[in-house]
Amino acid sequence: TFLIGGVIQTTAKNMMFITMSRFVIGFASGFSSVLVPIYLGELAPPTLRGTLGTLTQFCLVTGIFVSDLLAFPFATEKGW
């Protein structure tokens, strides 16, 4: 669904398609952020389950933080 949303967003001809593709990509992001920790917890040895679950969330939050830092210079009164 990431690929489908990306293709729709790339070929969007108007704002409705961009909004629809953002919904598809958001659904895929939410879906994967829930399922990946469950999958890792099922496959990981008992000694690593907590660590892998914590690292998954840590990496997710770190990615959000880095993207916010990179976008911050563009958040000007003229750029907004």
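Of the residues in the range 7-40, how many are open to solvent by 60 Å² or more (accessible area, probe 1.4 Å) and outside any helix (DSSP H, G or I)?
Count: 3.
Of (1) modelled with pLDDT of 90 or more; (2) surrounded by 14 or more Cβ atoms within 10 Å (Cβ to Cβ), VAL61 satisfies all except one. Which?
(2)
Any residue in the range 30-51 that's over 17 Å from GLY63 (Cα atoms): show its pairings with residues that are open to solvent by 80 Å² or more (accessible area, probe 1.4 Å) at Cβ separation under 6 Å, as long as the two are six or more apart or on different chains.
Once the first residue is over 17 Å from GLY63 (Cα atoms) and sits in the range 30-51, its partners that are open to solvent by 80 Å² or more (accessible area, probe 1.4 Å) give GLY41/ARG49.
Which ones in the range 41-58 are of a type outside the set (A, V, I, L, M) and surrounded by 10 or more Cβ atoms within 10 Å (Cβ to Cβ)?
GLY41, ARG49, GLY50, THR51, GLY53, THR54, THR56, GLN57, PHE58
Kindly establish whether THR76 is in a loop (DSSP other than H, G, I, E, B) and either in contact with a Phe, Trp or Tyr (Cβ under 8 Å, 6 or more places away or on another chain) or modelled with pLDDT under 95 (or both). Don't jump to the end; show me each part of the working.
Details: in a loop (DSSP other than H, G, I, E, B): yes; either in contact with a Phe, Trp or Tyr (Cβ under 8 Å, 6 or more places away or on another chain) or modelled with pLDDT under 95 (or both): yes.
Yes; evaluated as a whole, the condition is true for this residue.
The values are calculated or read from the model by the stated rules, or taken from the named source; none is laboratory data. These figures come from a predicted structure and were not determined experimentally. Here the Cβ is made from the backbone with ideal geometry for all residues, glycine too, and neighbour counts use every protein chain on show. Quick note on the areas: whole protein, heavy atoms, side chains included, nothing else; ligands and nucleic acids left out. Shrake-Rupley method; radii C 1.70, N 1.55, O 1.52, S 1.80 Å.
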